[in-house]
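Novice: Questions regarding the structure given below will be posed in turn.
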Amino acid sequence: MITLYGFGPGLGMYDPSPFVLKVAAFLRLANIDYRYNGNVNYVFKAPKKKLPYLDDNGTIVCDSTFIICHLKDRYASDFDSHLSPQQQAVATLISKSLDENFYWCLVYFRWIDSASWPTVKNALFGKLPFPLSTIVPLVARRGVSKQVYQQGTGRHN
Ligand SMILES: N[C@@H](CCC(=O)N[C@@H](CS)C(=O)NCC(=O)O)C(=O)O
């Protein structure tokens, strides 16, 4: 059995992580049977401390790009095989641009932008009991702010 580990539903989505959604979309499009296990605590158990990761009958694969490569290899489901090598290269660059650049804008507007933060905070942490409902979002936002700043996007207005 294949198990995809993610954060669990949030922000009105199957999973709030675009990387988890990308893998889930691939699995569904390829008609590969899988089970989705979503819980925010999996991030602490994940081998590389990032989600998603996948357990394919005992083979653990981390990172959405490597997961999709693994699925393409093992289950022969390459949707890009009709593309020329040049088109496949362009597709890889577009995908990487979204993963490595656009993603940080998404993170910025979810976690840092003061207009959206109250909504995101309530959606992700609203069910926690007091005082966790105050402390956990504060600590999490501080950690994410540091990441966005270090990546560079957080240095712009
Ligand atoms: N390159 C990775 C990126 C995964 C990633 O950044 N996941 C985020 C959630 S969208 C995460 O696990 N963040 C937790 C953390 O950094 O502590 C992939 O494609 O899977």
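The values are calculated or read from the model by the stated rules, or taken from the named source; none is laboratory data. Given the structure is predicted, the values throughout are model-derived calculations rather than measurements. Don't worry about glycine lacking a Cβ; one is built from the backbone with ideal geometry, like all the others, and counts go over all protein chains shown. Ligands, DNA and RNA are stripped out before the accessible areas are found, and what is left, the full protein with its side chains, is counted by its heavy atoms. Shrake-Rupley method; radii C 1.70, N 1.55, O 1.52, S 1.80 Å.
Novice: Going by what's in this entry, would Val120 be described as open to solvent by less than 60 Å² (accessible area, probe 1.4 Å) and closer than 16 Å to Phe19 by Cβ?
Specialist: no
Novice: Next question. Please specify each residue of segment 10-25 satisfying the condition of being surrounded by fewer than 19 Cβ atoms within 10 Å (Cβ to Cβ) and more than 20 Å from Cys69 (Cβ to Cβ).
Specialist: Result: Gly10, Leu11, Gly12, Met13, Tyr14.
Novice: Restricting to segment 2-21, count the residues that are over 21 Å from Ala123 (Cβ atoms) and either β-branched (Val, Ile, Thr) or near the ligand (Cβ under 10 Å from one of its atoms) (or both). Even if it seems obvious, please write down each step before you answer.
Specialist: The first filter runs over segment 2-21 and keeps only residues over 21 Å from Ala123 (Cβ atoms), leaving 2-4.
Narrowing further to those that are either β-branched (Val, Ile, Thr) or near the ligand (Cβ under 10 Å from one of its atoms) (or both): 2-3.
Selection size over segment 2-21: 2.
Novice: While we're looking at this one, here's another question. In segment 52-85, which residues are modelled with pLDDT under 95 and within 19 Å of Asn39 (Cα to Cα)?
Specialist: Once the filter is applied, which keeps residues that are modelled with pLDDT under 95 and within 19 Å of Asn39 (Cα to Cα), segment 52-85 yields nothing.
Novice: Among residues belonging to segment 60-89 that are open to solvent by 80 Å² or more (accessible area, probe 1.4 Å) and aliphatic (A, V, I, L, M), point out the one that is farthest from the chain's Cα centre (by Cα).
Specialist: Across segment 60-89, the extreme among qualifying residues is Ala76.
Novice: Still on this structure, I have one more. Residue under question is Lys50, and the condition is that it be near the ligand (Cβ under 8 Å from one of its atoms), assigned to a loop (DSSP other than H, G, I, E, B) and within 12 Å of the chain's Cα centre (by Cα); does it hold?
Specialist: Yes; evaluated as a whole, the condition is true for this residue.
One line per residue, one yes/no per condition, for (1) hydrophobic (A, V, I, L, M, F, W, C); (2) at negative phi; (3) surrounded by fewer than 16 Cβ atoms within 10 Å (Cβ to Cβ):
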{"site": "Val40", "(1), (2), (3)": "yes, yes, no"}
{"site": "Lys49", "(1), (2), (3)": "no, no, yes"}
{"site": "Leu106", "(1), (2), (3)": "yes, yes, yes"}
{"site": "Trp111", "(1), (2), (3)": "yes, yes, no"}
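Novice: If Lys127 satisfies every condition in (1) open to solvent by less than 70 Å² (accessible area, probe 1.4 Å); (2) of a type in the set (D, E, K, R); (3) out of contact with any Leu (no Cβ under 9 Å at 6 or more places or on another chain) but one, which is the exception?
Specialist: (1)
Novice: Could you name every one of the helices (runs of 4 or more DSSP H) located completely within segment 64-154 that has at least 3 residues being over 23 Å from Lys50 (Cα atoms) and more than 12 Å from the ligand (Cβ to nearest atom)?
Specialist: Working: elements: 64-75, 85-97, 103-107, 117-125, 132-151.
Qualifying helices (runs of 4 or more DSSP H): 85-97.
Novice: Which members of segment 26-38 meet the condition of being part of a loop (DSSP other than H, G, I, E, B) and open to solvent by 40 Å² or more (accessible area, probe 1.4 Å)?
Specialist: If the condition is that a residue be part of a loop (DSSP other than H, G, I, E, B) and open to solvent by 40 Å² or more (accessible area, probe 1.4 Å), then Asn31, Asp33, Tyr34 are the ones that fit.
Novice: Applying the selection to segment 130-141, what residues are under 19 Å from the mean Cα position of the chain (by Cα) and surrounded by fewer than 15 Cβ atoms within 10 Å (Cβ to Cβ)?
Specialist: None; the set is empty.
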